[in-house]
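Worksheet for the structure shown next.
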């Protein structure tokens, strides 16, 4: 049978895909690697079908390898007997714990079929939450920025794991970038914060990301001419506030 890696989306239970919901409805057991993904999963399946996995909070690679071997050993019999799912926030193939599980299964349980069901990642959902348009043809880089790190180079970057926002902001400002921050976007757990001021997200939170754009970067879009033509002809553009009087 099959193990499904199911992306739950950024954290709002309503943002799971139709395919993801169908898979969760049909499998025998749903494994969760943490409390946040578990909270989303239980909005779709009863707790009696949730299987909790224990992963140590450590950078010790040997301990982590043992934990993944134990997880694979627990999941494999369920996937052989029926269908099972392993859920993650975001997308299973984008900075996810699922990759470790898939490689471990390939190594020790190669008979298990694995299928991935994509999910909305915070790395793309940020554009809607922060009201950022990434235009066609624009380059966009994904970088990690934990501990005050501030990568530079690309004109536009999504930075994730921004655990020291003030320090990252200072470095990027000196390097010529404008930065906007988002924390726990589309997540029910915790407070969602969107801010240009890094002090608003100064406390450490793993689920903080930032959008950095090189200052003074100019873009040219074909439809920009519509607004220019409308203004030239005295028409009201779609972005203009209009005061409407009483009839």
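Structure notes:
- Panel order for 219, 2, 88, 163, by other beta carbons found within 10 Å of each beta carbon, from fewest to most: 219, 2, 163, 88.
- Within region 2-120, antiparallel bridges make up roughly 5 percent of the DSSP beta bridges whose residues both belong there.
- Among (i) 1.03; (ii) 1.10; (iii) 1.23, the entry derived from the coordinates for Cα Rg over 2.2 N^0.38 Å: (iii)
- Extension gain, residue 42 back to residue 173 (0.36 nm per residue minus Cα-Cα distance, nm): 43.0 nm
- Highest-fluctuation residue, 72, 85, 122 considered, GNM on the chain with Cα pairs under 10 Å: 72
- Cα-based helix-to-principal-axis angle, 165-174 vs the chain, degrees rounded to 10: 50
- Antiparallel bridges, percent of DSSP beta bridges restricted to region 123-214 (to nearest 5): 80
- Residue exposure sequence - 157, 123, 57, 187 - by fewest surrounding Cβ within 10 Å: 57, 123, 187, 157
- The spacing between region 9-48 and region 133-148, judged by their C-alpha centroids, is 28 Å.
- Restricting attention to the chain, close to 45% of DSSP beta bridges with both partner residues there are antiparallel.
- GNM on the chain, alpha-carbon springs under 10 angstrom: the most fluctuating residue among 162, 134, 30 is 134.
None of the figures in this text is laboratory data; all of them are computed from the coordinates on show. Here the structure is a predicted model, which means the values were calculated and not measured. Reconstructed Cβ throughout: ideal geometry from the backbone, glycine too, with neighbour counts over all protein chains shown.
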